[in-house]
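Please read the structure below before turning to the comments.
The values are calculated or read from the model by the stated rules, or taken from the named source; none is laboratory data. Everything numeric here is computed off the predicted structure, so don't read it as measured data. Heads up, the Cβs are rebuilt from the backbone with ideal geometry, glycines too, and the neighbour counts pull from every protein chain shown. Calculation scope for accessible area: heavy atoms of the full protein, side chains included, ligands and nucleic acids excluded. Shrake-Rupley method; radii C 1.70, N 1.55, O 1.52, S 1.80 Å.
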Amino acid sequence: MSQHLVNWSKQQLRTHVQVIQGEQPPTLVLENATYLNNVLKKWITTNIWIYEDRIVYVGSKMPQNNTGCEVIDCENRYIVPGYIEPHVHPFQLYNPQTFASYSAKRGTTTFICDNLMLLPLEKKKALSFMTDINELPYTFFWWCRYDSQTKLQNEDEIFSEEMFGQVLDHPYTLQGGELTNWPQVLKGDDKTLHWMQETKRRGLKIESHLPGASERTLAKLAVLGADCDHEAMTGEEAVLRMSLGYTTSLRYSSIRPDLPDILEEMIALGVENFDRVLMTTDGSTPNFHRDGVTDVVLRIALEKGIPVEDAYAMVSYNIARHYGIDHQYGMIAPGRVANLNILKDPKEPTPEAVLSKGKWVTEEPEPAFNWADYDIKPYNLDWSLKVEDLDVVSPAGIDMVNSVITKPYKTEHDFTVDELAQDHNESFFALVDRNGKWRVNAMLKGFSTGVSGFVSSYSNSADILLIGKSKKDMVTAFERLKEIGGGIVLVEKGEVICEIPLTLNGGCSTEPMETVMDQQDQLVKELKDRGYTFVDPIYSLLFFSSTHLPYIRITPSGIVDVLKNEVLSFPVVMR
């Protein structure tokens with residue numbers, strides 16, 4: 001497992017020992033520091049010596065040699081390990097850098113990330129990105145996806161044996177998953193099972209995705225290798241997972257903000273040991289994070305009566321121990337990476353100051369990450385869309401039950417026209433290949449009554465979604481999307497009402513989190529003013545093509561019946 005952790009050179013290790021021996025000064029000392037010792041589950045007052053990015057000593061002594069050393073008196077302050085987000089989708093309009101920069105100021109400096117959006121990249125560049133992003137003052141570990149969560153036309157090419165092996169062997173890969181295609185595994189999908197076995201053979205974890213799973217299903221997946229699950233929706237479901245040996249990751253997100261209830265129910269059910277419990281915000285969309293990130297879930301846990309020592313462990317030590325990296329992350333002890341949060345009070349989890357890799361996190365802007373080196377750049381759409389490209393040929397369509405669940409339906413309206421009336425909630429709907437080669441057209445019920453032209457290159461498959469009452473406005477929105485290099489655009493009567501430029505492969509902004517939050521707020525307001533009634537339209541855009549959710553999905557292979565795992569008679573039309 002140590003392959004993917006910090007590898008200090010022999011000379012660096014000798015220097016660290018010299019610091020302890022007094023032959024070299026530390027770079028930073030936190031004096032009179034009351035810190036959380038996760039092994040003892042106690043607060044201890046002591047001195048913490050740091051040399052560059054590493055804690056080298058924790059004890060009663062002060063360094064004999066302190067030439068050039070920064071000494072901070074931490075009397076009446078409390079030190080906890082830097083928070084770890086164990087389940088990050090770092091491409092939710094924000095990008096890994098902007099999310100990390102925002103999160104770090106609030107104490108979260110280590111991220112275990114989904115690699116789904118890296119899969120379309122050329123393999124060498126994707127693998128280099130997974131390493132090079134760690135040149136930023138944060139730590140990014142990664143998953144190895146087993147499937148695309150949709151039906152790509154080139155699925156076998158992207159998910160090749162070579163790709164799996166290289167990602168699993170990557171020095172920053174910690175786990176396989178999240179395992180969303182588990183129904184197929186239980187039905188005999190030996191390809192995925194093979195890669196689950198390869199994941200375990202390498203000593204890595206498997207993160208599952210098991211909403212509503214029965215005791216028997218949970219047992220089957222545990223036998224097949226699943227280690228952790230983040231889909232408990234009640235305290236009873238969380239306890240069931242714990243009783244079956246799972247590490248249980250409790251979620252607090254924009255479409256599942258039920259962490260307070262889950263914690264109350266767990267306590268009512270008599271749970272006293274939280275050593276195998278983690279907490280996550282599960283890749284929520286930007287504006288959900290206005291009040292913070294991990295500090296928010298910590299505050300909820302403390303308010304619900306979780307013991308202080310357990311609450312902080314659930315966002316640091318428990319996570320590091322689950323992944324086998326606690327000898328370098330997740331605790332305050334010699335040899336660990338110097339990720340530390342300084343608190344005014346343990347009951348106030350938003351830190352006053354943050355150390356990440358031994359450096360103070362400040363408000364200063366960071367150097368721009370060179371995305372283009374990895375072929376992550378604005379869309380260059382050198383093709384045009386015509387009104388007739390949006391023609392629908394069948395009355396069958398997709399009905400939105402909520403933000404993310406869609407069912408089949410059959411329209412009773414005339415779908416051959418170029419503009420629909422606004423006295424009902426049906427719209428034209430299309431998924432178009434980002435290279436302009438194919439399209440899938442249908443009707444969509446439930447999205448809105450008044451959205452005229454709407455387009456998004458933010459989607460599960462990185463192709464282009466179009467929704468609207470007016471085919472002409474949909475084409476206008478697409479033309480604006482081309483001009484800004486990818487993003488989300490809302491058009492009405494030929495005028496752009498709202499837009500979010502997403503110039504990193506059509507899915508991410510380069511703007512700071514706060515800017516993207518404001519843009520998202522405006523978009524949500526404009527959509528709701530036009531009849532969108534659900535919780536989060538950003539999740540709707542992402543999940544229209546996601547085959548890990550019921551019941552039907554629009555994908556690059558056509559419209560798919562998820563439960564039957566088959567493509568329905570909605571043609572993929574070549575352009």
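Our estimate of slack between residue 483 and residue 220, defined as 0.36 nm per intervening residue step minus the Cα-Cα distance, is 89.7 nm. A Cβ-based charge dipole, computed about the Cα centre of segment 518-575 with Lys and Arg at +1 and Asp and Glu at -1, lands at about 220 debye. Cross-link partners for residue 124 among the lysines, with Cα-Cα distance under 18 Å and sequence neighbours closer than 8 places in the same chain left out: 377. Here the translational diffusion coefficient of segment 398-548 follows from Stokes-Einstein with Rh set to the Kirkwood radius across Cα pairs; for 10 °C and 1.306 mPa s it amounts to 104 µm²/s.
Here is how the number arises for the chain: DSSP H runs of 4 or more residues each give -39500 (n - 2.57), the sum is divided by the residue count, and the result at 222 nm is -7500 deg cm²/dmol.
Estimated translational diffusion coefficient (Stokes-Einstein, Kirkwood radius over Cα pairs, 4 °C, 1.567 mPa s) of segment 197-274: 100 µm² per second. Cα centroids of segment 56-83 and segment 436-490: 55 Å apart. Positive end of the dipole of the chain, charges at C-beta (+1 Lys, Arg; -1 Asp, Glu), about the Cα centre: which of 545, 421, 266 has its Cα farthest in that direction? Result: 266, furthest along the dipole toward the positive end. Angle of helix 259-268 to the longest C-alpha principal axis of the chain, folded into 0 to 90 degrees and rounded to 10: 60°.
In units of 2.2 N^0.38 Å, what is the alpha-carbon radius of gyration of segment 245-360? Taking the Cα Rg and dividing by 2.2 N^0.38 Å, one obtains 1.07. Annotation for residue 368 and residue 514: the two label points, set 7 Å from Cα along the Cα-Cβ direction, are 2.0 nm apart.
Compactness ratio for segment 68-207: Cα radius of gyration over 2.2 N^0.38 Å (N = residue count) comes to 1.23. For segment 422-575, with all protein chains present and a 1.4 Å probe, just round the carbon and sulfur fraction of the accessible area to a whole percent. Heavy-atom surface of segment 422-575 belonging to carbon and sulfur, 1.4 Å probe: 48 percent. For residue 434, the amide hydrogen comes within under 5 Å of the amide hydrogens of 464, counting only partners 5 or more places away or on other chains and with H modelled in the peptide plane.
Using Cβ point charges alone (K and R +1, D and E -1), the dipole size of the chain about the Cα centre works out to roughly 1080 debye. Annotation: residue 456 carries an accessible surface of approximately 0 Å², with a 1.4 Å probe and no ligand, DNA or RNA atoms counted.
Summing charges over all other residues whose Cβ lies under 13 Å from the Cβ of residue 12, with Lys and Arg as +1 and Asp and Glu as -1, gives +1. If you take all other residues with their beta carbon under 12 Å from the beta carbon of residue 518, and give Lys and Arg +1 and Asp and Glu -1, the sum is -1. Structural descriptor for the chain: relative contact order 14 percent, calculated from alpha carbon pairs under 8 angstrom and at least 6 residues apart. What is the Cα centroid distance between segment 503-542 and segment 272-292, reported in whole angstrom? Cα centroid to Cα centroid, the span is 21 Å.
Bridgeable aspartates and glutamates around residue 564 (alpha carbons under 19 Å apart, same-chain partners fewer than 8 residues away excluded): 147, 155, 189, 190, 399. Dimensions of the chain based on its C-alpha atoms, expressed as ranges along the principal axes with the largest first, amount to 83, 49, 45 Å. To the nearest 10 degrees, how steep is helix 215-224 against the longest Cα principal axis of the chain, on a 0 to 90 scale? So the inclination is approximately 70 degrees. For segment 125-175, compute Rg over Rh where Rg is the Cα radius of gyration and Rh is the Kirkwood radius from the inverse mean 1/r over Cα pairs. Reported Rg/Rh (Cα atoms, Kirkwood Rh): 1.02. One decimal place: the segment residue 382-residue 12 gains 128.1 nm when fully extended, by the rule 0.36 nm per residue minus the C-alpha distance. For a straight C-alpha distance cut-off of 26 angstrom, the lysines reachable from residue 472 (same-chain residues fewer than eight places away being disregarded) are 386, 410, 437, 445, 482, 493, 525, 528. The distance between label points at residue 184 and residue 564 comes to 1.7 nm (points 7 Å beyond Cα on the Cα→Cβ vector). A 1.4 Å probe run over the chain, with the rest of the protein chains in place, finds 39 Å² accessible per residue.
Once the Cα atoms are used to define both axes, helix 294-303 deviates from the longest principal axis of the chain by about 70 degrees. With the convex hull of its Cα atoms as the shape, segment 376-470 has an orientation-averaged projected area of 6.4 nm². Each residue of segment 327-335 is assigned a 3J(HN,Hα), and the resulting list reads 7, 10, 9, x, 8, 9, 6, x, x Hz, derived from the Karplus form 6.51 cos²θ - 1.76 cosθ + 1.60 (θ = phi - 60°), x at Gly and Pro.
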